[in-house]
Amino acid sequence: MSTPVRNIVVGVAPAAGEHPALDAALQLAAAVGATLHVVRAYEPFTALGAPLTPEYAAALVQASSPEAMRALLEEDVRARTDYAPLELCAAAGSAEAVLADYAERVRAELLVVGARRHGPVGRALLGGTAKALIREAEVPVLVVHEPFRHPLRRVLLSTDLSDLSALVHERALDLVEQLFPGAEPQVASVLVIGAAPALPAPLQGDVLGVADQELTRWLRSRRPRPYRLVGRVRKGEARGRIVAEARESRTDLLVLGTHARRGVRRLLAGSVAAGVVAAAQCNVLVIPALRPLRHPSDRPVRARRAPEPAAG
């Protein structure tokens, strides 16, 4: 049985204008009745090297205090929504550290961030916060590129047929079913295999045929769902082929997994995921393939202290 979604954390930047991540998080929280935690990270003001009077410097420091920053955040959020239950937090520090620690403290089931792609150059990049969270967060991360369509129509998962991939598959569909109640999307799972240039063309076809059989067997061994799971085998480089498949199938939500490893191997897996998320045109849900926890209290706690959630 899947864990109910009770807490959703969304990171918002202090920039004015549209907040696609906040809008998506509001929609999802309302769908499940979850508490929405809106978190803004900021860099505290310091007067080092600045030719300011002590009085002016003190005023600037006060203006960048947690209380002042939270008041600005509340003004910004309340102008957009009256949703409840709502928690607000403004904390000094890097966005990825503040968001990851806060999500861990409130035991969030989902962390929502924006891709922050603007202009022709920005569309080829992924925001540093999203990239860091994809690699390090221990909760699912939803990277928002565009508003969600109503209803959710097409979901695309990727797999490598491993046990960790199976764990990602189950967790992802459990989460999607909760966040989009009543939706009956078309769900496909894509297996990308690399080319084998040394093999003759007939054997290349045999490889694709065997891969298709293995994917069909793998999908049949998954937990039954109230909808049909379709398998697709594609050949090529994983990052580019997954992005192309999502685009060609007009996917609404692309699901990726990261390996439950630390160090270099985890970093490499995170790099592939970050590359797909950056190039994708649809919203992307990244699931960390962590081993199941026996109890919520078993969740590992980071050494650094997370900001306390403030009442909204």
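Put simply, when 103-114, 18-29 are sorted by average Cβ atoms within 10 angstrom per residue, most first, you get 103-114, 18-29. The local environment of THR251, defined by Cβ-Cβ distances under 12 Å, has a net charge of +2 under the rule Lys, Arg +1 and Asp, Glu -1. In a fully extended conformation the segment linking GLU18 and GLU170 would gain 51.4 nm over its present Cα-Cα distance, using 0.36 nm per residue. Taking label points 7 Å from Cα along the Cα-to-Cβ direction, ARG228 and ARG149 give a separation of 1.9 nm. Summing charges over neighbours of SER2, with a neighbour being any other residue whose Cβ is under 11 Å away from its Cβ, gives -2 when K and R count +1 and D and E count -1.
None of the figures in this text is laboratory data; all of them are computed from the coordinates on show. What you see is a predicted model; the values in this text were computed from it and never measured. Heads up, the Cβs are rebuilt from the backbone with ideal geometry, glycines too, and the neighbour counts pull from every protein chain shown.
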